[in-house]
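The values are calculated or read from the model by the stated rules, or taken from the named source; none is laboratory data. Please read all numbers here as calculations on a predicted model, not as lab measurements. Positions of Cβ are generated from backbone atoms using ideal geometry, with glycine treated the same way; all protein chains shown enter the neighbour counts.
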Amino acid sequence: MIRLSDKLKGYQGANPFSESQAKAYSDEKIVREFFPISLYWSLFNEQHEILIGTRGSGKTVILKMLTYSCLRLSQDPKAEAIKKKKEFIGFYVPLHLEFMAALSANNIAAEKRLEYFQFAINCIAATSFLTELKFLLKDCYNTPMRRLEAEHDIIVRLMEMWFPETDITMSSLGDIEWHIKTLYENQPFWADGSLLKKPPLAHDLLGPIVSVLPKVSEILGLDIDKTTWIACIDEAEFVEEPFIRCINHFLRSRKRPLVLKIATLPFKYSTRETLANGVSVEPGGNDFNYRNVDRPCDSDDFKGLTNHLLKTRLSKCDGIDFGKISLESFLGVIGEDDLQDYFKLEMHETLPDEESIRTDFALHLSDTRKRNLLQMEAVDSPIISQAIFKKFMPIYYMRRMKIEGSKGNRAVGWFAGATVARKIADGNPRLFIQLMNEMVDSARERELTPKNQHRINMEFCQRHLEASEGLPDYGPVLKEILTRAGELLGARIHDGALVDGGCDFRLDRRVVELPLLRKALELGAAYTLIVCDEKTLFNGISSDNVVRLSYPCAIHYWLPLRKGLAVNLKPSIVGELASTKKVSLPISKQTSQEIVKQLQLSLFESL
């Protein structure tokens with residue numbers, strides 16, 4: 001079997017997959033590695049939108065690629081057309097943890113910090129806005145003289161609207177940018193209503209930018225009636241609820257020429273209320289739309305993205321020509337890259353042909369199903385018998401490979417290949433990059449045979465599961481839920497006769513109504529440990545929701561990588577500790593174990 005990863009044997013250069021945090025990337029790196037998934041092009045519209053995606057799903061990259069400064073570097077024909085028309089111009093507004101932490105104040109509730117919050121956002125948004133104006137001036141005017149004249153005209157308008165009482169002369173947009181940064185750094189925090197005179201830019205959210213768009217557009221030769229400006233607000237998961245109401249107020253009251261694209265984690269955009277009593281924003285295109293950033297791991301989007309990332313990053317390995325490369329050619333392909341192909345490779349001596357596999361398969365059926373299968377084969381009913389094989393064969397493969405893998409020093413090559421690698425990433429680009437980091441490091445020393453891939457994948461999945469315990473606030477509770485659910489689903493698959501199953505389970509009402517468990521499940525959804533459908537992501541977890549363990553968790557517990565029949569996860573009892581609404585955060589591992597133990601979580605067949 002040919003594997004392009006073999007070319008890395010002895011490679012001593014830097015691992016091109018060592019970086020996975022997009023917010024540290026340069027604009028050039030973002031543009032170079034960007035793969036436009038189908039969602040991306042549809043974001044160039046005149047609607048406020050909230051982008052929901054797991055940690056590492058690519059939200060930051062997508063938002064940055066909506067900015068004019070990044071879009072102008074792209075050579076994609078669609079991007080070229082958008083850049084030429086200049087109908088959509090984005091600027092990036094990061095609300096990262098460090099920035100939001102600076103907005104906190106001891107003993108002052110968030111409701112009393114709205115003025116300062118809006119001032120701070122306006123400052124960071126204005127500096128980003130100025131950055132994009134610099135690139136627009138370069139592209140809108142060919143001659144330096146005309147460019148300087150236009151910049152001067154813009155400076156005059158900005159100073160009139162933003163700093164009407166300032167006598168300082170500004171000679172460039174960079175001067176204004178520095179003035180704003182100095183203003184923000186030197187302005188002490190204030191509680192709402194405590195200042196007789198507020199500083200410049202301390203207006204309604206994004207009001208300073210809205211106020212100058214007509215004149216700025218005119219100077220740049222843009223049609224204000226056709227050009228939509230996009231404020232790309234990132235990491236909104238760190239925004240407190242009163243501040244979310246402030247953002248919602250903008251969503252409700254303002255549209256073109258400035259719209260918002262807000263990126264956040266699942267279940268973190270916690271309210272639809274505005275600053276006006278009794279007034280809320282409505283999704284579905286009324287005031288805004290929800291958009292799901294995560295892509296299924298078997299989608300064309302994710303296949304294209306993973307192949308593009310692999311090609312782009314491996315091109316940085318000096319002295320190695322990988323030629324035309326894909327994830328399949330990098331890891332190698334057995335048969336059709338299906339798990340049954342890897343099963344047959346591992347079991348070819350014990351079960352050399354289809355007949356022996358089917359005979360062994362029948363031994364794992366219940367007595368009733370075994371009789372039914374024999375009866376159908378006796379009367380030559382291939383359609384019905386094939387349906388049984390199709391339904392239960394993946395489960396049989398999993399059982400047999402787990403048995404083989406537990407035989408002393410027996411190493412199996414089961415969880416291997418490109419399909420499995422994408423499933424481990426579960427549609428998450430950052431997880432994929434981190435997995436490839438492990439693969440490249442291993443490929444320096446040994447060939448990525450199916451057995452070696454299996455070992456790397458199993459270790460990676462175990463670390464991903466164990467890391468859940470260290471997640472903020474509810475991590476230890478989440479780890480216990482994942483462990484219990486994985487053990488229960490694993491026992492159902494591997495103990496007794498074959499049953500239909502997979503990674504899915506249905507949440508009992510009593511599980512969802514316990515705040516600790518619901519918060520833990522929401523945390524799991526944010527970190528690709530629990531996977532929800534789109535409706536649940538947009539509307540919240542509720543009783544009878546079907547969720548699934550992420551594929552890394554499923555691999556750790558040797559579960560079939562499919563939905564299967566969803567079984568109910570419900571508590572036998574509700575312990576006093578688990579039903580308590582207030583437990584000190586962060587929750588200790590011991591307390592988490594006590595909570596889950598009290599619940600006596602069990603699986604019950606769906607009715």
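Of note:
- Of the listed requirements (1) over 23 Å from the mean Cα position of the chain (by Cα); (2) touching a residue at least 24 places away in the same chain (Cβ under 8 Å), Asn286 misses just one: (2).
- Residue in segment 212-221 that is modelled with pLDDT under 95 and either farther than 30 Å from Val420 by Cα or assigned to a loop (DSSP other than H, G, I, E, B) (or both) present: no
- Meets criteria (touching a Phe, Trp or Tyr at 6+ places or on another chain (Cβ under 8 Å), among the basic types (Lys, Arg) and within 21 Å of Lys261 (Cβ to Cβ)) for Lys85: no
- Flag if Ala102 is modelled with pLDDT under 95 and among the hydrophobic types (A, V, I, L, M, F, W, C): yes
- From the list Ser315, Ser299, the one residue that fits, being over 24 Å from Ser38 (Cα atoms), among the polar types (S, T, N, Q) and at pLDDT 95 or above, is Ser315.
- In the set (1) of a type in the set (A, V, I, L, M); (2) under 23 Å from Trp229 (Cα atoms); (3) touching a helix residue (DSSP H, G or I) at 6+ places or on another chain (Cβ under 9 Å), the condition left unmet by Ala81 is number (3).
- Taking first residues from segment 244-255 that are assigned by TED's automatic domain parsing to the domain that holds Ile230 and partners that are in a helix (DSSP H, G or I), the Cβ contacts under 8 Å between residues at least 6 apart in sequence or on separate chains come to Ile244/Ala236; Cys246/Leu114; Cys246/Phe117; Cys246/Gln118; Ile247/Ala236; Arg254/Val210.
- Filtered residue count, segment 184-211, keeping only those that are in a loop (DSSP other than H, G, I, E, B) and either touching a helix residue (DSSP H, G or I) at 6+ places or on another chain (Cβ under 9 Å) or basic (Lys, Arg) (or both): 18
- Residues that are farther than 30 Å from Gly13 by Cα, at pLDDT 90 or above and not in a loop (DSSP other than H, G, I, E, B) do not occur anywhere in segment 431-449.
- Segment 187-203 residues that are not assigned by TED's automatic domain parsing to the domain that holds Pro164 and of a type in the set (A, V, I, L, M, F, W, C), paired with ones that are at pLDDT below 95 and outside any loop (DSSP other than H, G, I, E, B) (beta carbon under 7 Å, 6 or more apart): none
- Annotation: of all residues in segment 255-267 being part of a loop (DSSP other than H, G, I, E, B) and at pLDDT 95 or above, the one that is farthest from the chain's Cα centre (by Cα) is Phe267.
- If you go through segment 324-366 and keep only what is small (Gly, Ala, Ser) and either closer than 30 Å to Asp441 by Cβ or in contact (Cβ under 8 Å) with a residue 60 or more places away in the chain (or both), you end up with Ser326, Ser329, Gly332, Gly335, Ser366.
- Any hit, segment 64-80, residues being part of a loop (DSSP other than H, G, I, E, B), over 27 Å from Phe119 (Cα atoms), among the basic types (Lys, Arg) and within 21 Å of the chain's Cα centre (by Cα): no
- Reported count of residues in segment 455-486, each being at pLDDT below 95, in contact with a Pro (Cβ under 9 Å, 6 or more places away or on another chain) and within 16 Å of Val547 (Cβ to Cβ), is 1.
- Filter result (of a type in the set (D, E, K, R) and either assigned to a strand (DSSP E or B) or surrounded by 14 or more Cβ atoms within 10 Å (Cβ to Cβ) (or both)) within segment 271-313: Arg272, Glu273, Asp287, Arg291, Asp294, Arg295, Asp301, Lys303, Lys311, Arg313
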